[in-house]
Amino acid sequence: MDESLRNIQAICADENDVIANMATIACELFHGDARFDWVGFYRNIGGDILKIGPYQGGHGCLTIAFTRGVCGAAARERRTQLVADVDAFAGHIACASTTRSEIVLPVFGPDGALLGVLDIDSNQLDAFTVKDQEMLEAMLCEVFSNGQKFT
């Protein structure tokens with residue numbers, strides 16, 4: 001994942017368009033780590049609703065309420081959800097039956113507004129580490145919120 005994060009940093013360094021950056025990140029992460037079988041963004045469209053954004057992999061859920069699933073929890077709580085086994089997560093939404101573990105990270109703009117969440121799924125149990133979480137949070141902070149951290 002280190003190489004993917006370096007590529008993201010280089011490509012997104014001077015880009016201010018949120019959708020372009022989301023598309024780039026989804027592509028780089030999906031193709032850069034064999035653990036990841038779905039990578040994408042769900043955008044905050046208001047009314048406590050997330051709508052699918054740029055992604056790589058099979059079809060995802062089109063709309064997710066803040067009250068549902070791992071993505072909803074990340075948006076509602078404004079903190080990363082690191083789920084080693086999705087079957088053990090109460091209320092998990094099975095958009096893909098192959099998903100075994102998941103990490104979902106909130107994405108904030110420079111003003112602290114919740115832009116959405118980055119959802120990464122794996123067909124392996126316990127695929128994500130705290131180091132992955134820290135590196136992904138730092139990358140999202142750099143690309144979307146000008147280095148400012150929000151929780």
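Can you find a residue that is over 17 Å from MET139 (Cα atoms) and surrounded by 21 or more Cβ atoms within 10 Å (Cβ to Cβ) anywhere in segment 83-91? Please lay out each step first, then the result.
Applying the first criterion (over 17 Å from MET139 (Cα atoms)) to segment 83-91 yields 83-91.
Right, trim to surrounded by 21 or more Cβ atoms within 10 Å (Cβ to Cβ) and you get 83.
Yes, segment 83-91 has at least one match.
Within the bounds of segment 109-132, is there any residue that is assigned to a loop (DSSP other than H, G, I, E, B) and of a type in the set (Lys, Arg)? If you could, list the steps in order and put the result at the bottom.
Of all residues in segment 109-132, those assigned to a loop (DSSP other than H, G, I, E, B) come to 109-113, 123-129.
Restricting the remaining residues to those that are of a type in the set (Lys, Arg) gives none.
There is no residue in segment 109-132 that is assigned to a loop (DSSP other than H, G, I, E, B) and of a type in the set (Lys, Arg).
Is there a residue being modelled with pLDDT of 95 or more and surrounded by 17 or more Cβ atoms within 10 Å (Cβ to Cβ) anywhere in segment 13-20?
yes
Does segment 135-146 include one or more residues that are at pLDDT below 95 and either assigned to a loop (DSSP other than H, G, I, E, B) or exposed (fewer than 13 other Cβ atoms within 10 Å of the Cβ) (or both)?
Yes: segment 135-146 contains one or more residues that are at pLDDT below 95 and either assigned to a loop (DSSP other than H, G, I, E, B) or exposed (fewer than 13 other Cβ atoms within 10 Å of the Cβ) (or both).
So ILE64 passes all but one of these: (1) assigned to a strand (DSSP E or B); (2) touching a residue at least 24 places away in the same chain (Cβ under 8 Å); (3) out of contact with any helix residue (DSSP H, G or I) (no Cβ under 7 Å at 6 or more places or on another chain). Which condition number does it fail?
Here ILE64 clears every test but (3).
The values are calculated or read from the model by the stated rules, or taken from the named source; none is laboratory data. Everything numeric here is computed off the predicted structure, so don't read it as measured data. Every residue, glycine as well, gets a Cβ built from its backbone with ideal geometry; the counts of neighbours run over all protein chains shown.
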